[in-house]
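Novice: Submitted below is the structure of interest, expressed as structure tokens.
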Amino acid sequence: MENFELEDAVKEVMDGILPKKSRKIYEAQYDTFVKWCCQRKLENVNEDVLLVFFAEKSKTLSSSTLWTHYSMLKTMLNVKRNIDVSKFYKLSAFLKRKSEGYKPKKAKVLTLDQIDKFLLEAPDKDFLMVKVALIFGVAGACRGKELHQLTISDVTDMDHALLVNVRNTKNNVDRNFIINNSNKNGIDLIEVCRKYMALRKPETTHSRFFVRTSASLLADSAASIDVLKRHGGWKSASVAEGYIENSINTKKIVADSIFGLGVGNSTESACAHQVSGSAVSASSASSTSSKNNIVQNTIDGANRLLNIVNCSNVNIHVNINTNNKDL
């Protein structure tokens, strides 16, 4: 085996040492350290360099965060530069000294009475999914990522109880738990979960247990890509385009256009439905030509927004009346 092949093989094995789920976090911490060294023109990494690095970090970071960064950097320096940081005893002594008197902040915890109050009083039409997520999270001590990764095949209805399988856990050990009606206040936990499960649409294309309803409803309302991007916080338009492409309402408009129904009423309603801003309705249209598929809108007053999206062959005529004092 050639030297360069051996080096590549070793590099591949060493890269496998990093945890898959938090690999990017480890690499980001290492990149931060490398940039810090470059700014100070430090080429060699030794205990003194790390002492100064963590001394600067200790001015803004808590003791627990320092130990987290130390653990990640120790692994990365061992993988990237074959440096054993565990032998830097002065550094570990410095971190231990910083831990003296430190009191970690404890997360606030919901009481059983607070949970029961929410399950009993919160309206299902607004909080049904949150109720189910709460029930699953408490019953199975689930992390947020574990709830997100749940699929419909992971939940089994056994009539008297629900069996939930949790896969791809943080410690890579699958587990399961039971949801039954042992609530002291007589809340039917199983029925709450079944009510949510019954809302799943047959045309849903994915197997996630918790459905991303918000973006789908917004796409069905003929919202623009920009509106979807802002709502979902996405930088790329590809995700928003996927929601619009899979929108049932969009597919109905396309079907109407193919079979000749979209030339008249469907086109007018589709375009008028996407007029947003200062309450501009379909009645504001002065005329509609079904032959040429032209929609004309006359908007009275100033500061009105007209947003027409997902339409084809649309002519927009803007007439400005200079005699109107309000313009």
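Novice: Out of region 19-71, which chymotrypsin sites (Phe, Trp or Tyr not before Pro) are coil in DSSP terms and have no more than 13 other C-beta atoms within 10 Å?
Specialist: Loop-located and lightly packed - none at all.
Novice: Taking the Cα of R81, stepping 7 Å toward and past its beta carbon, and measuring to each backbone N in region 46-71: which are under 19 Å?
Specialist: 46-58, 67-71
Novice: Now, a different point. What GluC sites (Glu not before Pro) does region 14-73 have in DSSP loop regions with at most 10 other beta carbons within 10 Å?
Specialist: E43
Novice: Related question: Assuming 0.36 nm per residue, please report the length gained on full extension of the stretch L61 to K105 beyond their Cα-Cα distance.
Specialist: Net length gain for the segment: 14.5 nm.
Novice: Something else about it: Would you be so kind as to identify which of L120, V109, N181 lies farthest towards the positive end of the dipole of region 90-245, taking Lys and Arg as +1 and Asp and Glu as -1 on Cβ and the Cα centre as origin?
Specialist: It is V109.
Novice: Considering only DSSP states other than H, G, I, E and B, which chymotrypsin sites (Phe, Trp or Tyr not before Pro) in region 79-169 qualify as loop sites with at most 12 other Cβ atoms within 10 Å?
Specialist: Passing both the DSSP loop test and the Cβ count: Y102.
Novice: Over 29 Å between Cα atoms: which of K24/K87; K106/K201; K57/K229; K145/K195; K87/K145 fall into that group?
Specialist: Over 29 Å Cα-Cα: K106/K201; K57/K229; K87/K145.
Novice: Ignoring ligands, DNA and RNA, what percent of the 1.4 Å accessible area of region 80-158 is carbon and sulfur?
Specialist: 58 percent
Novice: So, one more: Please state the charge dipole magnitude for region 45-133, taken about the Cα centre, from unit charges on C-beta atoms (+1 on K and R, -1 on D and E), reported in debye and rounded to the nearest 20.
Specialist: That gives region 45-133 a dipole magnitude of about 440 debye.
Novice: Gain in length, L112 to E203, computed as 0.36 nm per residue apart minus the alpha-carbon separation, to one decimal in nm?
Specialist: That pair, L112 and E203, stretches by 29.1 nm at full extension.
Novice: Pop a pseudo-label 7 angstrom from the Cα along the beta-carbon direction at both T32 and D159 and give the gap in nm to one decimal.
Specialist: Computed distance between label sites T32 and D159 equals 5.5 nm.
Novice: Hey, another quick one. Quick check: pseudo-label points 7 Å beyond the Cα along Cα→Cβ at A141 and V52, how many nm apart are they?
Specialist: With each label point 7 Å from Cα toward Cβ, the separation is 4.5 nm.
Novice: Among the listed pairs K35/K59; K21/K59; K74/K98, which are separated by more than 21 Å between their Cα atoms?
Specialist: In this structure, K21/K59 exceed 21 Å between Cα atoms.
Novice: Starting from the Cα of K41, step 7 Å along the direction of its Cβ; do the same at E12; then give the gap between the two resulting points in nm.
Specialist: According to this spin-label approximation, the distance is 4.1 nm.
The values are calculated or read from the model by the stated rules, or taken from the named source; none is laboratory data. Worth saying up front: this structure is predicted, and the values here are computed from it rather than measured. Because the Cβ atoms are built from the backbone with ideal geometry, glycine has one as well, and the counts that use them run over all protein chains shown. Ligands, DNA and RNA are excluded from the accessible area calculation, which covers all protein heavy atoms including side chains. Shrake-Rupley method; radii C 1.70, N 1.55, O 1.52, S 1.80 Å.
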